Amino acid sequence: MLQLQIIRQDRDGVKKRLAVKYFAELGVVDKVLELDDQRKKLQLEFDNIQAKINTSSKEIGQLMAKGEKENAERLKQQVTSLKASLQPINNKLSETERELQNELVKLPNLPSQKVPLGKTPEDNVIIREGGNKPKLPAGAKPHWELIKQYDIVDFETGAKITGSGFPLYKGKGAKLQRALIQYFLDYNTAAGYTEYLPPFMVNETTAFGTGQLPDKEGQMYYMQTDNFYMIPTSEVPLTNIYRDEILKDADLPMKLTAYSPCFRREAGSFGKDVRGLNRVHQFEKVEIVQIVHPDTSYETHEEMVDHVEKLVQSLDLPYRILNLCGGDMSFASALTYDFEVYSAAQDKWLEVSSVSNFETFQTNRMKIRFKDTNGKSQLVHSLNGSSLALPRILACLLENNQSDEGIKLPLILHPYFGDSMLRN
RNA sequence: GGAAAGAUGCCGGAGUGGUUGAACGGGACGGUCUCGAAAACCGUUUCCCGAUGGAAAUCGGGACGAGGGUUCGAAUCCCUCUCUUUCCGCCA
């Protein structure tokens, strides 16, 4: 949620930045300011009357103590009529506050100055590329065939148990997942991230905090009986750890990591991209989150990108890093770099990580603050990134490293997997 | 799932209708003392909204789990909800 203060200070600037995201309803900005003015006026009116009521009430107490019952009764009547006049103002005030909130949450985060202009994924800017695309032998197979060949993921049985998009990992496939999770977590904790294992379902307030609600209900699985949502990423529970807290300057940065399964309904996405492991409803992911001082969040962003890049490099996969353009980035983000790995047999780039700076967009919703050196509290910045999402990594490992003997695994995974190759 | 108790500031913990934003203790911070530290002593320590002001600040309103209600006045009384603890049941 955008900070009201920023909108007040620079209405036109805000509109300009929103236009970079192709946000069409710029009238919301004016509406917000209008409601804000109205709110302030009502607040002032309310406060003045309430102040009178408060002083009179104290007086009544004193009169009663002195035994001046008649005077007390007279004052009581005055207060009663004051209260009656306060009622409609109070109603109007709460309604205005509600409306203001409803408008405010419609506004996406402002893209930072680093965000490239553009509307579609074609406008994303490639920051870096790394690794070498393998030369695959003739007859190389896409991962969905290799999966069958090595009998490591069973989609049909997953569909039988649950539904399509719920893969059932089996044997070496299950073990490789475990190995990757273990490695990613080790890698993150070695860099100073504290490991968590969070709840996989969250309540409404938590889902609101990171920006999943309102409006994105359709993307999450929902438990009606208990009013819980299955997490689409562990970013949601992790960032909410500090909801409604005021941290100490010295506590920053907070660095958190967690493995979790991620549940996504992927409503509205179907077609050719859903083949195999490219897009599924449940997948494994290790996430990193940082809560940082507002002055350093862009340095932190670079640091996190660097962290993820080295992780991808350690897997010997060809990759590229994209700076997402205004039209392609998410509602809550101020700057997003996507990591894609090259899936050779499909000849496709697959997104495996998305590292974003949310500035105060999430922390304003969650009221995560810190005391600065002057003792004033201000909002911290939040960032997160995947490190990494597993299915597409697996798809690339399978496709890029296939050979007659088996799937060659990157060196770093050998101790985790217990073998240098995935074989039949 | 059943029963009972409880939820107060950074923490512990008082407070059962009228200067209680909140006693007391602890912690943290600042100061005195000390070569330095400890101890002791003194002091400071919640947050949100608004008005005036350049700012420091001053003033007003709100917040004692959340939301409603009673009352001139609520941390204190009533209702609903959430959570915690203990006991019973069930159980990985």
Worksheet item: Could you list, in sequence order, the residues of region A:1-15 that are within 16 Å of RNA strand B (Cβ to nearest atom) and farther than 20 Å from A:ARG365 by Cα?
Response: A:ARG11
Item to complete: State which residue pairs qualify: first residue more than 9 Å from A:LEU100 (Cβ to Cβ) and inside region A:27-39, second residue open to solvent by 10 Å² or more (accessible area, probe 1.4 Å) and within 11 Å of RNA strand B (Cβ to nearest atom) in any location, beta carbons under 8 Å apart, and separation of 6 or more residues or different chains.
Response: A:LEU33/A:ARG8
Item to complete: Could you look through region A:79-91, keep only residues that are surrounded by 13 or more Cβ atoms within 10 Å (Cβ to Cβ) and near RNA strand B (Cβ under 10 Å from one of its atoms), and pick out the one that is farthest from A:PHE46 (Cα to Cα)?
Response: A:VAL79
Item to complete: Just one of (1) in contact (Cβ under 8 Å) with a residue 24 or more places away in the chain; (2) open to solvent by 10 Å² or more (accessible area, probe 1.4 Å); (3) part of a helix (DSSP H, G or I) trips up A:VAL305, so point out which.
Response: (2)
Worksheet entry | Selection count, region A:50-68, where residues are away from RNA strand B (no atom under 11 Å from the Cβ), surrounded by fewer than 14 Cβ atoms within 10 Å (Cβ to Cβ) and not small (Gly, Ala, Ser) | 1
Discussion item. For region A:335-388, give me the residue count where each residue is touching a Pro at 6+ places or on another chain (Cβ under 6 Å) and either among the hydrophobic types (A, V, I, L, M, F, W, C) or outside the structural domain of A:GLY276 (by TED's automatic domain parsing) (or both).
Written reply: 2
Discussion item. Return the pair list, or none, for Cβ contacts closer than 6 Å from residues in region A:40-57 that are farther than 17 Å from A:GLU95 by Cβ to residues that are within 6 Å of RNA strand B (Cβ to nearest atom) and open to solvent by less than 90 Å² (accessible area, probe 1.4 Å), at least 6 apart or on different chains.
Written reply: A:ILE53/A:VAL79; A:SER56/A:VAL79
Item to complete: Only one of these is farther than 25 Å from A:THR210 by Cβ, open to solvent by 40 Å² or more (accessible area, probe 1.4 Å), of a type in the set (Asp, Glu) and at pLDDT below 95: A:GLU95, A:GLU99. Name it.
Response: A:GLU95
Worksheet entry | Residue count, region A:359-401 (criterion: open to solvent by less than 10 Å² (accessible area, probe 1.4 Å) and either outside any strand (DSSP E or B) or within 13 Å of RNA strand B (Cβ to nearest atom) (or both)) | 16
Worksheet, complete the sentence: Scanning region A:242-252 residue by residue, those surrounded by fewer than 18 Cβ atoms within 10 Å (Cβ to Cβ), touching a residue at least 40 places away in the same chain (Cβ under 8 Å) and not in a strand (DSSP E or B) turn out to be A:ARG243, A:ASP244, A:GLU245, A:ASP249, A:ASP251
Item to complete: With the checklist (1) at pLDDT below 95; (2) surrounded by 13 or more Cβ atoms within 10 Å (Cβ to Cβ) in hand, flag the one item A:LYS160 doesn't pass.
Response: (2)
Practice prompt. Being aliphatic (A, V, I, L, M) and under 21 Å from A:THR336 (Cβ atoms) is the filter here, so list the residues in region A:371-424 that pass it.
Written response: A:LEU379, A:VAL380, A:LEU383, A:LEU388, A:ALA389, A:LEU390, A:ILE393
Response to the item:
Note: among A:ASP47, A:ASP36, just one is open to solvent by less than 50 Å² (accessible area, probe 1.4 Å) and over 30 Å from A:CYS325 (Cβ atoms), namely A:ASP36
Item to complete: For A:LYS408, state whether it is among the charged types (D, E, K, R) and modelled with pLDDT of 90 or more.
Response: yes
Practice prompt. For region A:319-341, name all the residues that are over 25 Å from A:PHE208 (Cα atoms) and open to solvent by 20 Å² or more (accessible area, probe 1.4 Å).
Written response: A:ARG320, A:GLU340
Worksheet item: Do we find a residue being touching a residue at least 40 places away in the same chain (Cβ under 8 Å), not assigned by TED's automatic domain parsing to the domain that holds A:LEU397 and not aromatic (Phe, Trp, Tyr) anywhere in region A:132-152?
Response: no
Worksheet item: Does region A:40-49 hold any residues that are near RNA strand B (Cβ under 7 Å from one of its atoms) and within 41 Å of the chain's Cα centre (by Cα), and which are they?
Response: A:LYS40, A:GLN43, A:LEU44, A:PHE46, A:ASP47
Worksheet item: Identify, please: which residue in region A:212-240 is open to solvent by 60 Å² or more (accessible area, probe 1.4 Å) and within 22 Å of A:SER333 (Cα to Cα) and is, among those, modelled with the highest pLDDT?
Response: A:GLN219
Fill in: A:LYS76 being away from RNA strand B (no atom under 16 Å from the Cβ) and in contact with a helix residue (DSSP H, G or I) (Cβ under 7 Å, 6 or more places away or on another chain)
no
Discussion item. Within region A:16-23, does at least one residue satisfy the condition of being within 12 Å of RNA strand B (Cβ to nearest atom), aromatic (Phe, Trp, Tyr) and open to solvent by less than 70 Å² (accessible area, probe 1.4 Å)?
Written reply: no
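The values are calculated or read from the model by the stated rules, or taken from the named source; none is laboratory data. Keep in mind that what you see is a predicted model, and the values were worked out from it rather than measured. Quick reminder, even Gly has a Cβ in these numbers, built from the backbone with ideal geometry, and neighbours come from all protein chains shown. Ligands, DNA and RNA are excluded from the accessible area calculation, which covers all protein heavy atoms including side chains. Shrake-Rupley method; radii C 1.70, N 1.55, O 1.52, S 1.80 Å.
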